[in-house]
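The block underneath contains the structure these notes are about, expressed in structure tokens.
Since every read-out is calculated from the coordinates, none of them should be taken as a lab result. Quick caveat: nothing in here was measured; it's all calculated off a predicted structure. Using ideal geometry, Cβ is built from the backbone for each residue, glycine included, and neighbour counts are taken over all protein chains shown.
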Amino acid sequence: MVTPEFKQLKGRVTSTDRFTVRIGKREFLDFSGAAMAVGHNFVRPEELITPLTYLIYRNTYTERLISTLKKLSGFNDVAFTTSGTEACDAALEMNYGRPYISFEGAYHGLDFITNLVSNGTGIDVRNKIIHLKFPKYGLRDDAAIEYNEKMLRMASRKFDLEGGALITELIQSDGGINVMTDEFSRSLKEGIADYGLRLIVDEVYTALGRSGEMFLSRKYGLRPDYLCLGKALGAGFPLGAVLYNGGYPLYKNNLVSMQAATMFTARVALKVLGKITEKRIRFVKDSSKEIMSALNDVDSKRIREVRGMGFMIGVDLGDEDGNPDQGYALALRNKLARKGVVCTLTGENNNVLKITPPVTIPRGLLMQGISFITDELQKG
């Protein structure tokens with residue numbers, strides 16, 4: 001069972017800058033993902049407009065956001081939610097009563113259906129849920145693919161899979177920054193075709209630049225029936241979305257929730273999308289290679305593996321015998337916090353240091369934070 005650590009820091013935050021939080025008189029660089037991809041303090045006071053619901057009132061900001069998302073994604077339709085969890089739940093609800101296929105180590109939310117499909121094991125016959133394996137440290141692609149093929153054959157003998165939905169992250173965040181490979185992606189496409197499945201891609205974490213792509217599913221050549229967005233779109237404000245192509249009966253006026261994509265949150269989202277330019281995405285890609293190289297150059301027996309993509313990077317930590325070491329990982333996380341860099345721990349054993357800087361961070365501040373991390377890792 002994957003349960004991210006999320007230990008609170010001592011003291012209370014009194015203010016934030018774009019990339020830091022202030023506790024007392026100290027500032028801490030936020031590499032925890034809490035900056036929601038783009039950074040803190042994203043909205044100026046003069047932009048705090050009335051959050052009118054689009055359910056009743058048409059407005060220029062929500063309409064521009066609909067048009068912009070369609071243009072960027074290539075999807076024909078948008079249904080807005082107030083979170084990524086709600087987006088995933090809404091997409092899953094379209095297949096309610098049909099089988100669901102998900103992955104061990106996945107996290108899609110804590111609503112009813114998202115909670116059922118997240119982070120389980122085996123075949124849940126009662127709820128028609130099959131939990132497949134996602135490649136990770138110690139589990140190669142070929143072993144995961146062989147297991148998954150066997151599980152789908154077994155499940156198909158228990159209930160009809162035709163018309164079911166497969167939901168997946170492309171980089172498992174809570175699972176330990178497990179990155180989907182091209183080989184594994186090809187096996188998914190084959191399974192989807194063989195069993196007549198719909199594809200839901202959860203890009204709450206990976207879309208809008210954090211993975212080094214606007215939409216990571218494109219890099220894998222996947223064509224989702226539903227693509228789910230969340231925290232990155234609203235810069236931390238309550239906003240999510242399901243992108244799709246027709247056949248979505250839940251919404252009125254592009255809304256799943258009455259307070260989704262209000263005039264205010266739509267304005268914020270437009271500002272977010274304006275910041276995620278091709279130049280900024282290139283910066284994320286180039287900086288990611290530099291960060292990965294710096295982490296891989298650290299001479300420490302405590303590092304089992306460095307993995308990730310874009311600004312989603314995980315350092316898998318173990319003891320001298322190569323076993324997951326949650327104690328060392330927590331001590332490292334706390335040392336970094338005392339140095340002024342906030343990261344979190346993830347993975348099944350909470351032994352993976354998750355490094356998720358804001359997409360819009362300046363290079364100097366970014367590499368300063370990475371230097372603190374490599375220095376502490378070097379001490380072993």
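List of remarks:
- A simple charge model with +1 on the Cβ of Lys and Arg, -1 on the Cβ of Asp and Glu and nothing else charged puts the dipole of segment 207-346 at about 740 debye relative to its Cα centre.
- Listed residue (Val268, Leu227, Val256) projecting farthest to the positive dipole end of segment 215-280, Cβ model: Val268
- Between Lys7 and Lys275, full extension at 0.36 nm per residue minus the direct alpha carbon distance yields a gain of 93.4 nm.
- Hits among lysines - C-alpha to C-alpha of Lys128 under 20 Å, sequence gap 8 or more where chains match: Lys150, Lys158
- Checking the Cα-Cα distances for Lys219/Lys275; Lys7/Lys339; Lys136/Lys289; Lys189/Lys289; Lys301/Lys339; Lys231/Lys275 against a 25 Å cut-off, the pairs over it are Lys189/Lys289.
- Between Lys71 and Asn127, the simple label model (points 7 Å from Cα in the Cβ direction) yields a spacing of 4.1 nm.
- Estimated FRET transfer efficiency when R0 is 30 angstrom, pair Glu320-Asp141 (beta carbons, to 0.05): 0.60
- For segment 315-331, Karplus couplings with θ = phi - 60° (6.51, -1.76, 1.60), whole Hz, Gly/Pro x: 10, 7, 10, x, 7, 6, 9, x, 8, x, 10, 5, x, 5, 4, 5, 4
- Residue exposure sequence - His40, His108, His131 - by fewest surrounding Cβ within 10 Å: His40, His131, His108
- Alpha carbon centroid spacing (whole Å) that separates segment 87-153 from segment 165-243: 14 Å
- Expressed as a fraction of 2.2 N^0.38 Å, the C-alpha radius of gyration for the chain is 0.98.
- Using a Förster distance of 51 Å, the FRET efficiency for Ala193-Thr50 (Cβ separation, nearest 0.05): 0.60
- Virtual spin-label span in nm between Ser293 and Gln368, 7 Å along Cα→Cβ: 2.3 nm
- Charged-residue dipole, Cβ positions (Lys, Arg, Asp, Glu), segment 140-215 about Cα centre, Debye nearest 20: 240 debye
- Dipole of the chain, positive direction: furthest Cα of Leu366, Gly327, Leu243, with charges on the beta-carbon: Leu366
- In segment 1-123, a dipole from Cβ-located charges (positive for Lys and Arg, negative for Asp and Glu) runs towards its positive end, and of Ala79, Leu116, Gly33 it is Gly33 whose Cα lies farthest in that direction.
- Take the Cα of Asp182, step 7 Å toward its Cβ, do the same at Lys252, and the gap between the two points is 4.8 nm.
- Taken as Cα centroids, segment 267-304 and segment 19-39 sit 16 Å apart, rounded to the nearest whole angstrom.
- Student exercise, the chain dipole from Lys, Arg, Asp, Glu Cβ charges, in Debye to nearest 20: 1160 debye
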